[in-house]
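See structure below.
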């Protein structure tokens, strides 16, 4: 059974301003999916729809086969959720927040909560308001994972954290994956983190899915071609090619992304567009993201 | 563990892991019979998706670099016959590939390229003897 299913999700905040314009994808058990997109692309909206915090105006969402708006308790019990703007009650002590969560989840694993608390160096007497941003996020993570959720929804969980705290967060999530076999959907602007953690990438641009691909395939079967502005190739001609996903005008060259490996891309450029001597290469996720997103405008 | 992952390289993480294990086997840093860390341990330690590690490990097994015995950790396979030499040569060929492309791109004559390589090799071994002399002092 699929853990998450989005079918043709639409959502607008005001008339004529659509945040999500028909998003469809699903997630199998144990998958780790990185959700990418510029600010305002609709990532948070989508995650909130999965949590049942927002309603889709059109389309269907199923979490463990259930509608999160119809069965909020059954669904939330099996989910762990952390977001950048999540607010814990500032006047409570760390221990009280943890106790509160323990009471909510029948499957709470006390050992795990203790282990994480020790690892993060959290003291139960301390008040939430006196914690640093990183420590507060660690409390939120501890509360989100200690019931060993089947699904972890992380909305920019490492936003605003320093590199060491981010890595710690990443390692804890991976540990949960190892121990509980959880499925993870997470959004992040730290594409190096996504590269380490995700097995699959879904890129959203202006409310629609731009790319949905296995992470390794994105490296091996997608190519960035740096095409010199000579011998008559135009952006129009390049983008018209069926395997071309985006083209971007740069000072002295055009940057095009092809859904082919580098040698096939070079062959296609030569055969179909008559351009030779093109530098075709596999690139890191961050570069790929920028080329794809900026090449759409 | 002796593996570092560079998320900026554009090379898939599973490939980076494979390449580094193969390199360490070829140099002898990882010896036959030596155990590799478990998928879990390595993934937690490196903050990397465990599926990625499993993928790297199963490709290493397919390539005959490591072997899996039921219920035991993955170990480096014994080098049968000339296997170690073959691995060293494979490593070298791979590292020459970009050089070969460069030679072609620059339009340098093959004999000249070979001469440069021989020069560089002999000055590198001269450097080694200098260092040995230094050490003896």
Inset, instruction - Measure out, as a whole number of angstrom, how far apart the alpha-carbon centroids of the stretch B:51-107 and the stretch A:219-297 sit. - result: 31
Inset, instruction - Compute the long axis of helix A:262-273 from its Cα atoms, compare it with the longest principal axis of the Cα atoms of chain A, and write down the angle in degrees, 0 to 90, nearest 10. - result: 40
Inset, instruction - Kindly state, to the nearest 0.05, the FRET efficiency for residue A:107 paired with residue A:26, given R0 = 22 Å and r defined as their beta-carbon distance. - result: 0.35
Inset, instruction - Quick one: plug the Kirkwood hydrodynamic radius of chain B (C-alpha pairs) into Stokes-Einstein at 10 °C, 1.306 mPa s, and report D in µm²/s. - result: 90
Inset, instruction - Select from B:37, B:70, B:98 the residue whose mean-square fluctuation is largest in a Gaussian network model of chain B (Cα-Cα springs shorter than 10 Å). - result: B:70
Legend entry - Overall form of the stretch B:83-136 per C-alpha gyration tensor (a/c, 1.5; a/b vs b/c): oblate
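Is the shape of the protein assembly as shown best called rounded, prolate or oblate, per the rule: a/c under 1.5 gives rounded, else a/b larger than b/c gives prolate, else oblate, with a ≥ b ≥ c the square roots of the Cα gyration tensor eigenvalues?
Here the protein assembly as shown falls in the oblate category.
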Legend entry - In nm, spacing of pseudo-spin labels at residue B:58 and residue B:45 (7 Å Cα→C-beta vector): 2.3
Inset, instruction - Please identify, among B:18, B:51, B:102, the residue showing maximal mean-square fluctuation in a Gaussian network model of chain B using a 10 angstrom Cα cutoff. - result: B:102
Legend entry - Using alpha-carbon coordinates, inclination of helix A:133-145 to the longest axis of chain A, degrees: 80
Inset, instruction - Starting with the fewest neighbours, write out B:92, B:106, A:273 ranked by other beta-carbon atoms found within 10 Å of each beta-carbon. - result: B:106, B:92, A:273
Legend entry - Between the stretch A:23-42 and the stretch A:107-170, the Cα center-to-center distance that results, in Å: 22
Legend entry - Length gained when the stretch residue A:60-residue A:290 is fully extended (0.36 nm per residue, less Cα-Cα span): 79.8 nm
Legend entry - Nearest 10 degrees, 0 to 90: helix A:163-180 Cα axis against chain A principal axis: 80
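How high is the relative contact order of the stretch B:13-76, given as a whole-number percent (alpha carbon pairs under 8 Å, six or more residues apart)?
42
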Inset, instruction - Describe numerically, in nm with one decimal, the distance between label points set 7 Å from Cα along Cα→Cβ at residue B:128 and at residue A:100. - result: 6.7
Legend entry - 10 Å Cβ neighbours from other chains, averaged over peptide A:264-273: 0
Inset, instruction - Using a Förster distance of 35 angstrom, determine the FRET efficiency expected from the C-beta separation of residue A:8 and residue B:95, and round it to 0.05. - result: 0.10
Legend entry - Simple spin-label estimate for residue A:69 and residue A:126 in nanometres, 7 Å along Cα-Cβ: 4.0
Inset, instruction - Counting only C-alpha contacts under 8 Å and six or more residues apart, can you give the relative contact order of chain A as a whole percent? - result: 19
Inset, instruction - Quantify how strongly other chains surround peptide B:39-52 by giving the mean number of their Cβ atoms within 10 Å of each of its Cβ atoms. - result: 6
Inset, instruction - Report the antiparallel proportion of the DSSP beta bridges in chain A as a percent, rounded to a multiple of 5. - result: 65
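Read-outs throughout are calculated quantities, based only on the coordinates presented, and are distinct from any laboratory measurement. Since the model is a prediction, treat every value here as computed from it, not as a measurement. Positions of Cβ are backbone-derived with ideal geometry, glycine not excepted, and every protein chain shown enters the neighbour counts.
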